[in-house]
Amino acid sequence: MKICQVERPLVATNRIPGMEHKHLQVVRDGSALAVAVDAVGCIPGDWVICVGSSAAREAAGSKEYPSDLTIVGIIDRWPPEEDQAPESERGRG
Amino acid sequence: MKICQVERPLVATNRIPGMEHKHLQVVRDGSALAVAVDAVGCIPGDWVICVGSSAAREAAGSKEYPSDLTIVGIIDRWPPEEDQAPESERGRG
Amino acid sequence: MKICQVERPLVATNRIPGMEHKHLQVVRDGSALAVAVDAVGCIPGDWVICVGSSAAREAAGSKEYPSDLTIVGIIDRWPPEEDQAPESERGRG
Amino acid sequence: MKICQVERPLVATNRIPGMEHKHLQVVRDGSALAVAVDAVGCIPGDWVICVGSSAAREAAGSKEYPSDLTIVGIIDRWPPEEDQAPESERGRG
Amino acid sequence: MKICQVERPLVATNRIPGMEHKHLQVVRDGSALAVAVDAVGCIPGDWVICVGSSAAREAAGSKEYPSDLTIVGIIDRWPPEEDQAPESERGRG
């Protein structure tokens, strides 16, 4: 799975019926952008786990769902604290 | 899914029967070109969502369809306006 | 699907029975080489459409065929003429 | 399969039910980070074999499990000794 | 499929039961290393065809086998002779 950051929702009014009305999010994977089906309910800025390959279909709701990238979880804390600025400067709760 | 821009239709008269007569489009994904089955009816210049992996098959019409990249939606507005030139210069409708 | 150019046939006498006697072609995808099962009958120099992912299996003949890249069509004209040298120099028929 | 090194566990409290309570690990694949389902029980620093594609699902426990990367084995010795510093400096057991 | 060169066997004593006792090989794909299930019996230095995606599973022996890269054939002659040193210097048989 990939670690991505949610950028913004994506609207595509003209789409195939199989996509139903599930929410799509533009996610950033390093320097690249991709579109993922949102299966958890996330907001811009969230760091999320995106699953690809055939697993993205069932993760999006059913074996027939046409997704190759689905957001399956929101990471509790990312980047990890040891890679961040000192704790005293960040006001960790 | 990937965000691609449609370049032009692609004609391949000599192809396997399984591909039927569905339309193929050359799409641009960043600096790379790829070929996608058009499941929505788009025209050159459209910004589209392309689904890959095994999901591309059903998105193209059936589980047996030999596609690994299928256009499943046309994006309403891309790139997003905050990333574009000022509104006054673009004559947004 | 990818746009590739056929380089040459590939011979692998020692291979698993599941590959049967189908022809394999070395294809060029930009600067990279790959091996594809030839489902249309092409010759070196042809510009072809190659399908990957799980769709490559059925495109090669059956759901059990061990292919992850199958040539499914020969492109009628590539690169497109507007990207080529002036018509007068090419003797277009 | 890929050769990766385990970095640290990843916690995502808000995730889809299908992911159950299996452990997730952040793994390093060269310069890139990815998230893998841990099917063997490994610790940070371990060099592991990660399987992707549709095989990651069953490797994670069931055909329905939403994984596209699963740790399926811990490599006994990596990097191989001939690529390492002289034995006398490493105290090989 | 990819053209890879076999580097060395890989040992992973602690692995999931589904991997059984099949041999694993470290293969080189250009500058990258990967791990492949050996379905043909090859030795270091062999140039081989590796199949990925879902086709790697059946190529490794069964639809349930957790492989995403399987060696399915040994290439008879690689690189091709026209890309090599002059014949007189190579003692071609």
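The values are calculated or read from the model by the stated rules, or taken from the named source; none is laboratory data. Treat the numbers as computed from the prediction; the structure is a model and nothing was measured. Cβ placement follows ideal geometry from the backbone for every residue including glycine, while neighbour counts extend to all protein chains displayed. These area figures cover heavy atoms from the full protein model, side chains too; ligands, DNA and RNA do not enter into them. Shrake-Rupley method; radii C 1.70, N 1.55, O 1.52, S 1.80 Å.
Inspect all residues belonging to the range B:41-62 and state whether any of them is surrounded by fewer than 23 Cβ atoms within 10 Å (Cβ to Cβ), more than 7 Å from every other protein chain (Cβ to nearest Cβ) and modelled with pLDDT under 95. Yes, that holds for at least one residue.
Of all residues in the range E:1-25, those being within 17 Å of residue D:72 (Cα to Cα) and buried (at least 20 other Cβ atoms within 10 Å of the Cβ) number 7. With respect to (1) open to solvent by 40 Å² or more (accessible area, probe 1.4 Å); (2) modelled with pLDDT of 95 or more, the lone exception for residue C:31 is condition (2).
Listed conditions (1) more than 24 Å from residue E:58 (Cβ to Cβ); (2) more than 8 Å from every other protein chain (Cβ to nearest Cβ); (3) in contact (Cβ under 8 Å) with a residue 40 or more places away in the chain are all met by residue D:71, apart from (1). If you go through the range D:13-28 and keep only what is farther than 15 Å from residue A:48 by Cβ and under 17 Å from the mean Cα position of the chain (by Cα), you end up with D:21, D:22, D:23, D:25, D:27, D:28.
Within the range E:18-33, residues that are touching a residue at least 60 places away in the same chain (Cβ under 8 Å) and charged (D, E, K, R) reach no partner that is surrounded by 13 or more Cβ atoms within 10 Å (Cβ to Cβ) and part of a strand (DSSP E or B) with beta carbons closer than 9 Å at six or more positions or on different chains.
For the range E:29-40, the criterion of being under 14 Å from residue D:49 (Cβ atoms), more than 9 Å from every other protein chain (Cβ to nearest Cβ) and either among the aliphatic types (A, V, I, L, M) or out of contact with any strand residue (DSSP E or B) (no Cβ under 7 Å at 6 or more places or on another chain) (or both) is satisfied by no residue at all. Within the range A:63-93, the set of residues being assigned to a helix (DSSP H, G or I) and either hydroxyl-bearing (Ser, Thr, Tyr) or at pLDDT 95 or above (or both) comprises just one member, A:88.
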